[in-house]
Structures are given as structure tokens and as C-alpha cells.
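As C-alpha cells, the structure follows; a few thoughts come after it.
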Amino acid sequence: MSEKINKIPIAKPWTGEAEAAAASRPILSGWVTQGPEVEAFEQEFAELVGAKYACAVSNCTTALHLALLAAGVQTGDEVITVSHSYIATANSIRYCGATPVFVDIEPHTYNINPTLIESVISDRTRAILVVHQMGMPCDLKAIIDIARQYNLPVIEDAACAIGSEILWDGQWEKIGKPHGDIACFSFHPRKVITTGDGGMITTNNPEWDQQFRLWRQHGMSVPDTVRHGAKQVIFESYPMLGYNYRMTDIQAAVGREQLKRLPEIIERRRFLAERYQQMLADVPGLKLPTEPAWAKSNWQSFCVRLPEGIDQLQVMQAMLDAGVSTRRGIMCAHREPAYSHEKWSCGIEQKDCGCQKESCDQLRESEQAQQECILLPLFHQMTEKDQDYISRIFETNIRKL
């Protein structure tokens, strides 16, 4: 008799009555857009990660866009980053009219390879945009050392990295402090905590923080909260081109409850990640994720690299047939149809690169990771029975294929 088990999703946000009650506060108050709940969420988030300032926005893509604008990125500039990331990373650079210069990844951490950065710095480089992929911190110290030599700002795409930590000057510190210049977070439901959607920008630069707050609300000179509490009539002005990148108070209220859950969520994810490591350690040819000694991941995703010769699609389909959802390795922006006509570079003149359609000789590790890796389910509510089943089904199919 076959084992009976409900379908297991790749991820599932942990929300409940506390979030529902929190959302009712702004709903019942009548102030549902950016307001007092957003302000409180920002303060609590900044305190959590150790940043001087935190600015809430509509999502991480808009956070990245504003971060790049604050760093002075504009049309004709170049920004060094990775192709091996969700497409929003590269898109945010294109929103500024700049060109993403893609650098390959390290094969074990799936993060940007710091040893490749310096070779692609040019007189058009305006910033380095790094990604803490799947919650695993990248080698910030090596990257920042290079950036400071060339007077380049470092922006951290920390979309997946809330709660992740890095060993910095002998102390464990949260990603988002920031250790570079600006860090950007996502609260999409696939992330460790969620507000439905939403983002946060952290920085220690007061001028940049003030700029974010103007830009996110159409460049309006007077915030709604100030105008609402004023004893005299105030007419706002719009001295600059801005955007509608606000977070709602409903989202922020939910986010404040999610922050309370974060320590327990991280503890559970680290426990489940360690169980995966133990259960899958003996699968022939399987490569498990590596956590450097100076990093503590939040394990937003658990990524495994398939044994040589094993077909990714076949494994994923077999898992789905058994009721287990998976995802393929992280996408590569340069392989997506949009970037067949959007500007990008690998730092080498096209005539010398040897690139073909949807393939680049300089980004082999990125492409192989996309083709050879699978993300297994990992979320707070996943039971050990669920995980035992996932591991057993996965190993059975690997051995069979």
C-alpha cells in the first residue's frame, strides 16, 4: 500500500491570528496607507538588523531601484552584479538606464565570485550590486575591500537574507546592518517573513534615507503624517520626479508581527537544513549546500546539485508526481528572452567572448547551477515526517534515474 501524504509545497508563509489581528488595527483606524504602522515597522526593523535607518517600500525591486538611484547610477553607467539571481536584480539596473555587467558565481555558495570583480571594473562602473543568494551571505569583506579601492558603493540584494548573519570583526552581525552601503529586503510570500509583498531599504547614510522617503511618495515635500497632524494648512510641493513605491499600513502591521516570529522561524529552518544534510549525505554524487565558517544562512531555500548525468526535469517531475513541489536552480537573467534585446555585458568585448544565444563562456558556473540544481521544500511548518518523505522520495528517484 502506497504512503498517503498531502501535497508538500516548496514554501509556505507562517501567518496566523496574530497577523490577522494586526491587520485589523489600520483597517479599523481608517489609516490604511503609509502611516504610523509603517513608521513603527521601520524602527523595529532597523533595530533588529543594527542599521541606523530603514525605509519601507512596496517591494524589493523598487528598493533596489531607489538604492541604485541614490548611489548615482544613471544612463550609460555600468553596475557589476550576477546573472544568477531573480531577474529583478538585473531589471533594477536597467530601470536606471545602466548596463548590468554579469560576473560568474562560486560553485559551492552560488554567490558572486569576488576574485572576478576587479577584472570587469571600468571607468563606467558606478556600483557593485551583490546578492545573498537563497539567504546565504556572500563574501562581503572581500567584495567591500575591492569596492573601497575603487571608491564604489556596495548595494546588497538581501531579498532572501532576513535573519542571516555574517562574522564581522569577530562578531556575528545581521545582514542588513549594512556592511556595504545599502541593503534591500523582500517580504514576498516566498521569503522567510512576509507582508504579502513589500520591501525594506537599510542604510547608515542619513541623506540617502531622506532621499528614499521622498522618492517613494512621488517626491512629495511633506509626508502625509506631518500634514495630517499639522495645526495649520500645509500645501505640499513636488520638487523632483518621484515614484509610487509606498508600503501600506496594513502590510506593515503584518510585518511587525512577522518580526516577532523571526527568531523561531530561523531556528526551525536551521534545524531542518541540518536534517536534510544528514539524511541526504549518502546519496551518491549529490552535492549539498556549503555554509562558510563566517556565514550563518537563514536557509530561505535548500539547494542541492544533482549527480552528473541526472536529468533535472525528470527528477522534478517524479517528485511532483509523488506530491512534492520543487524548483529548478536559480535563473540566469542573461538566458531569459528579455535579455536577448536588453543591454548586458560579461565584461568582455562581444567579439572576444564566444557567447552564443542564451549562453556565455564567462558565466559557465551560473549556467551549470541553473541546469544542475534543485530546490527542495523548506518552510517553518514542515514536519519531520514531511521531510523524511521528501528525502526518501528524492533519494529513490536519484538512484532510479
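The numbers here are math on the coordinates, done by the rules we state, and not lab data. Because the structure is a prediction, the values reported are computed rather than measured. Every residue, glycine among them, receives a Cβ derived from its backbone with ideal geometry; neighbour counts consider all protein chains shown.
In a DSSP loop and with at most 10 other Cβ atoms within 10 Å, the trypsin sites (Lys or Arg not before Pro) in the stretch 144-237 are Lys231.
At an R0 of 22 angstrom, the distance between the Cβ atoms of Glu207 and Glu47 translates into a FRET efficiency of 0.55. Which residues in the stretch 168-191 place their backbone N less than 13 Å from a point set 7 Å from the Cα of Leu262 along the Cα-to-Cβ direction? Answer for this model: 173-178, 184-187.
Taking Cα centroids, how far is the stretch 198-223 from the stretch 265-310 in Å? First find each Cα centre; the distance between them is then 37 Å. Close amide H partners of Trp168, meaning residues 5 or more places away or on another chain with modelled amide H under 5 Å apart, are Glu173. With neighbours defined as other Cβ atoms within 10 Å of a residue's Cβ, the residues Glu336, Glu156, Glu19 order from fewest to most as Glu336, Glu19, Glu156. For the stretch 330-401, trypsin sites (Lys or Arg not before Pro) meeting the loop criterion (DSSP other than H, G, I, E, B) and having at most 10 other Cβ atoms within 10 Å: Lys357.
Sparse packing (at most 10 other Cβ atoms within 10 Å of the Cβ) combined with a DSSP loop state is found for the following chymotrypsin sites (Phe, Trp or Tyr not before Pro) in the stretch 208-297: Phe235. Between Tyr150 and Val233, the contour length at 0.36 nm per residue exceeds the Cα-Cα span by 25.1 nm. For Val324, nonlocal amide neighbours, meaning residues 5 or more places apart or on other chains whose placed amide H falls under 5 Å from its own, are Ile8.
Set the Cα radius of gyration of the stretch 262-400 against 2.2 N^0.38 Å, with N its number of residues, and you get 1.21.
Over all pairs of different C-alpha atoms, the stretch 159-246 has a mean inverse distance whose reciprocal, the Kirkwood radius, equals 15.3 Å.
Taking amide H as placed 1.01 Å from N in the peptide plane, the amide H of Asn111 sits under 5 Å from that of Glu106, each at least 5 places away or on another chain.
3J(HN,Hα) along the stretch 108-116: 9, 9, 6, 10, 3, 7, x, 5, 9 Hz, from the Karplus curve 6.51 cos²θ - 1.76 cosθ + 1.60 with θ = phi - 60°, whole Hz, x for Gly and Pro. Evaluated at q = 0.13, 0.14, 0.16 Å⁻¹, the base-10 log of the normalised Debye intensity for the stretch 95-220, with identical point scatterers placed on the Cα atoms, takes the values -0.57, -0.67, -0.87.
Per residue, the average separation of C-alpha pairs within less than 8 Å and at least 6 apart gives the chain a relative contact order of 24 percent. Note on Met240 and Leu313: their simple-model spin labels are 4.8 nm apart, each label 7 Å out from Cα toward Cβ.
Across the stretch 213-227, rounded Karplus estimates of 3J(HN,Hα) from the backbone phi angles (6.51 cos²θ - 1.76 cosθ + 1.60, θ = phi - 60°) give 5, 6, 4, 5, 10, 6, x, 5, 6, 10, x, 4, 5, 5, 5 Hz, Gly and Pro being marked x.
Quick check on the stretch 1-146: take the gyration tensor over C-alpha atoms, sort the square-rooted eigenvalues as a ≥ b ≥ c, and tell me if it's rounded (a/c under 1.5), prolate or oblate. In terms of gyration-tensor shape, oblate.
For the chain, a simple Cβ point-charge model (Lys and Arg +1, Asp and Glu -1, everything else neutral) yields a dipole of about 760 debye relative to the Cα centre. Full extension of the chain segment joining Thr396 with Glu384 gains 2.5 nm, where the gain is 0.36 nm per residue of separation less the Cα-Cα distance.
Taken over the chain, the percentage of Cα pairs per 10 Å bin, counting from 0 up to the bin with the maximum distance, is 5, 22, 30, 25, 13, 4, 1, 0.
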